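The values are calculated or read from the model by the stated rules, or taken from the named source; none is laboratory data. Here the structure is a predicted model, which means the values were calculated and not measured. Please note: Cβ atoms are built from the backbone with ideal geometry, for glycine as well, and neighbour counts cover all protein chains shown.
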Amino acid sequence: MIGYMDKRLLTLKEAARYLGKTDKALYLSVMRKEVPFRKWGKKLIFDRMELDKFISTLPGVTFEDVLANKYSPLR
């Protein structure tokens, strides 16, 4: 059995878990066209690579900031 972290195309439930959201919260984001998605018939599918790219465009602390000690979670 392939886990959702090994799959490229994710269901709504898998994508919600991957993004740390509830199914309902992700569905609302889809309806507002805030996250990349595709429709396959009546089903919503999510490309994990597109979700990763989307996440990297969100504002916040970057991995590079952490490596450069610009951010310390212990402060």
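Here are some notes:
- The one condition in (1) surrounded by 10 or more Cβ atoms within 10 Å (Cβ to Cβ); (2) within 14 Å of THR11 (Cβ to Cβ) that LYS39 fails to fulfil: (1)
- Residue within region 45-60 that is modelled with pLDDT of 95 or more and over 11 Å from the mean Cα position of the chain (by Cα) present: yes
- Scanning region 16-44 for residues that are within 12 Å of the chain's Cα centre (by Cα), hydroxyl-bearing (Ser, Thr, Tyr) and in a helix (DSSP H, G or I) gives TYR18, SER29.
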